[in-house]
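Q: I have a structure here, written as structure tokens, and I will follow up with some questions on it.
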Amino acid sequence: MKEDYYEVLGISKSASAAEIKKAYRKKALKYHPDKNPGDSSAEELFKKSAEAYEVLSDADKKARYDQFGHAAFEGGSGGFGGGGMNMDDIFSQFGDIFGGAFGGGGFGGFGGGGGQRRVKGSNLRIRVTLTLEEIANGVEKKVKVRRKVQAEGVTYKTCSTCGGRGQVTKIQNTILGRMQTAAVCTSCGGSGQILDGKPGDADAQGLKVVEETVSINIPAGVEEGMQLKVPNKGNDAPGNGIPGDLLVAIETQEHSTLKREGDNLHYDLYVSISEAVLGTSKEIDSVGGKVRIKLEPGIQSGKILRLRGKGITSLNGYGAGDILVHVNVWTPKELNKEQREFFEKMQGNDNFEPKPEKSDKSFFEKVKDMFS
Ligand SMILES: [Zn+2]
């Protein structure tokens, strides 16, 4: 059983974003590997706190965690994982959390346990717009991305400032006595290497921009505003670093007839009075193309027909939603003489008198049922 993220950070479920950040800073400082060398239980707590913060600091992930608990991040929809953060991920968060306190500029963070850490390239962000059909079953999108990659012919040499260790040690006199602190080497940005030679088309870091086609696997059931991560498809880092990530923001296109609500879809169907009286069959839109449905003679306006499993496949992989077809009987606004006479004749006719049965639930009861 995984521990509750709120308990890991020692905060209440109503904690504000600022309180969450503050609680994480405290934990990260307490369990930081530099402060607890060789202590694997501290490292475990350090990782757990980072994972809890990763989820609770992201509005979408937090909402899903609040609703589904840890199950929200299981089921193989890659890129959404709250779990499995490595040290590089954790340290790359630190720029946001601690500001400049730990130095290192764009290559935020400090060495894990004294060892040289690999510098991570910057992340790239793109937006992808999806149709309802693409969201319903998931889709593979190919996008063109302009990313920085290491230019051919670039050479590096060992950084002379840090001797290739990537960090420098400083002795500081503080009120607590002399303290030894390790800081990222500012000459090489922590990589331990500096540029030696580069071709003319490379920038100061030995990188150049190329256009690359990246394939993104988008799981079914994503929603507007969610963010997917494609690892290593951001900008390359100079030297022996690892590439940043490509962050994909999801945007959704409205469908002309189907309205989404969670994993369910709503469809408004209009039928004429004679179709309602005599029964009919109608084609409606679904995410898998047109579907024909049958309406029994005497169908009432306001009836909701449920097409099970024809909605959106759940992001968590637990089945799919339904299409709810709302039947609306269209009352003619104008009648010719003959039609008017017909309806006048039917006035007071027993077959035309409303006789709602228990099974003809009122609109409000149906809505109540739908959400229960
Ligand atoms: Zn250096």
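The values are calculated or read from the model by the stated rules, or taken from the named source; none is laboratory data. Just so it is clear, the model here is predicted, and its values are computed rather than measured. Cβ: placed from backbone, ideal geometry, glycine included. Neighbour counts: every protein chain shown.
Q: Assuming Asp268 fulfils every condition listed in (1) modelled with pLDDT under 95; (2) over 28 Å from Val55 (Cβ atoms); (3) outside any loop (DSSP other than H, G, I, E, B) apart from one, which condition is it?
A: (1)
Q: Using beta carbons and a limit of 6 Å, which pairs, at least six apart or on different chains, have the first residue in the stretch 187-204 and without any contact (Cβ under 8 Å) to a residue 60 or more places away in the chain and the second one away from the ligand (no atom under 16 Å from the Cβ) and among the basic types (Lys, Arg)?
A: Between residues of the stretch 187-204 that are without any contact (Cβ under 8 Å) to a residue 60 or more places away in the chain and residues that are away from the ligand (no atom under 16 Å from the Cβ) and among the basic types (Lys, Arg), the close pairs are Asp201/Lys208; Ala202/Lys208.
Q: Would you say Asn235 is within 16 Å of the ligand (Cβ to nearest atom), in contact (Cβ under 8 Å) with a residue 24 or more places away in the chain and not assigned by TED's automatic domain parsing to the domain that holds Gly321?
A: no
Q: Look through the stretch 4-24, keep the residues that are β-branched (Val, Ile, Thr) and assigned to a helix (DSSP H, G or I), and return whichever of them is nearest to Ala72 (Cα to Cα).
A: Only one residue fits best here, namely Val8.
Q: Going residue by residue through the stretch 307-323, is there one that turns out to be assigned to a strand (DSSP E or B) and over 28 Å from the mean Cα position of the chain (by Cα)?
A: There is no residue in the stretch 307-323 that is assigned to a strand (DSSP E or B) and over 28 Å from the mean Cα position of the chain (by Cα).
Q: Also, I was wondering about something else. Hey, Gly79 hits all of (1) modelled with pLDDT of 55 or more; (2) surrounded by 14 or more Cβ atoms within 10 Å (Cβ to Cβ); (3) at positive phi; (4) not acidic (Asp, Glu) but one; which does it fall short on?
A: (1)
Q: Evaluate the stretch 146-153: report whether one residue or more is more than 33 Å from the chain's Cα centre (by Cα), within 16 Å of the ligand (Cβ to nearest atom) and acidic (Asp, Glu).
A: Looking for residues that are more than 33 Å from the chain's Cα centre (by Cα), within 16 Å of the ligand (Cβ to nearest atom) and acidic (Asp, Glu), one finds none in the stretch 146-153, hence no.
Q: Suppose we filter Lys142, Lys198 for residues that are away from the ligand (no atom under 16 Å from the Cβ), closer than 19 Å to Asn232 by Cα and either surrounded by 11 or more Cβ atoms within 10 Å (Cβ to Cβ) or charged (D, E, K, R) (or both); which single one remains?
A: Residue meeting the stated conditions: Lys142.
Q: I'd like the full set of residues that are over 39 Å from the mean Cα position of the chain (by Cα) and within 16 Å of the ligand (Cβ to nearest atom), limited to the stretch 160-195.
A: Residues satisfying the conditions are Ser160, Thr161, Cys162, Gly163, Thr169, Lys170.
Q: Of these, Val287, Val248, which one is hydrophobic (A, V, I, L, M, F, W, C), in contact with a helix residue (DSSP H, G or I) (Cβ under 6 Å, 6 or more places away or on another chain) and under 30 Å from Val145 (Cβ atoms)?
A: Checking each option against the conditions leaves just Val287.
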